[in-house]
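Rule-based calculations on the coordinates, nothing more; no lab input. Just so we're clear, the structure is a prediction, and the values are computed from it rather than from any experiment. Cβ coordinates were reconstructed from backbone atoms using ideal geometry, including for glycine residues, and neighbour counts include every protein chain displayed.
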Amino acid sequence: MISTGKSVRCHRTEGGLRTAQYLPARWRRWVILAYLALASAVCAQDQAADSTTNDRVKVFLDCPDCDSSFFKSEITYVDFVRDRRLADVHVLIAHLPTAGGGRRYHIECIGEGRFDGMRDTLEIVTDQTDSEDGIRRKTVHAVSLGLVRFSARTSLAPELTVAYAAPTAPIVTADPWKHWIIQLSTSFWINGEKDYHSLSLSSNLSARRVTKMNKIKLSVWNEYSESKFDYGFVKTLKASRGNGGKSSFIHGVSEHWSTAVSGSLYDDSYSNKDADVCLTAAIEYSILPYSECTRRQLRLDYRFVLDYADYREETIYNKTVQWLQSNEYTVEVEFIQPWGSVSGWLSLSHDLHDFARNRVELYTDISLRLVRGLAFEGSILYSRIHDQLSLAKGDASPEDVLLRRRELETNYSFWITMGLSYSFGSIYSPIVNPRFGN
């Protein structure tokens, strides 16, 4: 057994020994012997607790989408703590969707403090048909395997056992769908009051085929929504509809380069378009290898866009139909680290023949652990707009403005969310209590 290097001092019987001096002489000896026996048992318990519980690996689970209660109930040979700065091991879990509709989980066990410099990485892949329980059991199993290496270096090592379940012979089956995934979805929503009602309908059919180097995506959709107001002096109906389809083909050239072509066709009453046909050619360079995508990404994209627009009403530029060519440049970044995560993109697009017709968009999402117990989360989307070429000519009615029945002129748009959270108290969080929900 590995020594913890801690000395044990027992003072629990001192009060009892002082009391014994007031007893008759014939009882005093037996009382003293009883207290000494009790002291030996208590000290033995303290030593056992120090050599097991106090030496247990403290684990910080960094996975917002995981069922943390299940981890705590299934992995019982470690102590889970709520602050990574107090942990011996930081378990960082990230995931990305797979071609088959499942997810690939990247699990990293990062040693801290006494395990500084130790690091293990595991990966698991789930299927689209896996149940929620099946997914969490696969993840817990992988995390448990990753933590064994750390616990094996503590005084718990003699209590650990390793079991192996030999797999049956693998069954190789043909894939009649050739990696194609088909998905059909539809939704309906309605609500109302005496003087108001609103409804929304949407449907979508998509197909995709994803292999290690290539992607093919196809989709068609239909959307309709309306809101009706009847307040006596004001009666109005807001209705919007849209239909469309899109296809794209992405080809991986190497660990850093990819190319893509795509096309789309749609109509949109809000944007004053009876029809819009768009063809795009793109190239992407990933500064970091694609194989590192679960932990970090840094990509540069360029797109050339050829667009044909057929407008419902004549635009403010006196156009009923229009051919447009534009360039689009994008920088995308994502980092998932023990201190938190950062993701975002910066995009610039402009008309090929008139740079003044442009749009700049910035999006960022940040989650940072500042100090012990204190975390910051925020996201920002800001658009600088100078390319509203489809705006309908003529003044908008008050109903159009209030109900946003059509696109209005603006030179910017934004939304911002920010927040701080702070927690304090016991650093341990091993208890699972499902009463009245979690």
query: Can you list the HN-Hα couplings for segment 217-222, worked out from phi with the Karplus curve (6.51, -1.76, 1.60; θ = phi - 60°), rounded to whole Hz and with x for Gly and Pro?
result: 10, 9, 7, 9, 8, 8
query: So which aspartates and glutamates can K273 reach, going by Cα to Cα under 16 Å and dropping same-chain residues fewer than 8 places off?
result: E223, D307, D310, E313, E314, D387, E407, E409
query: If the chain between W180 and T417 were fully stretched, how many nm would it gain, using 0.36 nm times the residue separation less the Cα-Cα distance?
result: 81.5 nm
query: Residue-wise, which Karplus ³J(HN,Hα) couplings in Hz belong to segment 356-363, taking 6.51 cos²θ - 1.76 cosθ + 1.60, θ = phi - 60°, and x for glycine or proline?
result: 5, 8, 9, 8, 10, 10, 10, 10
- prompt: Going highest first, how would you order 141-147, 325-331, 407-413 by mean Cβ packing within 10 Å?
  reply: 141-147, 325-331, 407-413
query: How big, on average over all directions, is the shadow cast by the Cα convex hull of segment 58-159, in nm²?
result: 6.4
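Are there chymotrypsin sites (Phe, Trp or Tyr not before Pro) in segment 344-385 that DSSP puts in a loop and that have at most 13 other Cβ atoms within 10 Å, and which ones?
Answer by residue number: F355.
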query: Taking a ≥ b ≥ c as the square roots of the eigenvalues of the Cα gyration tensor of segment 159-300, is the shape rounded (a/c under 1.5), prolate (a/b larger than b/c) or oblate?
result: prolate
- prompt: So which GluC sites (Glu not before Pro) in segment 245-298 are both in a DSSP loop and have at most 13 other Cβ atoms within 10 Å of their Cβ?
  reply: E255
- prompt: Cα-Cα over 26 Å: which of K72/K212; K138/K246; K58/K138; K238/K393; K212/K246?
  reply: K72/K212; K138/K246
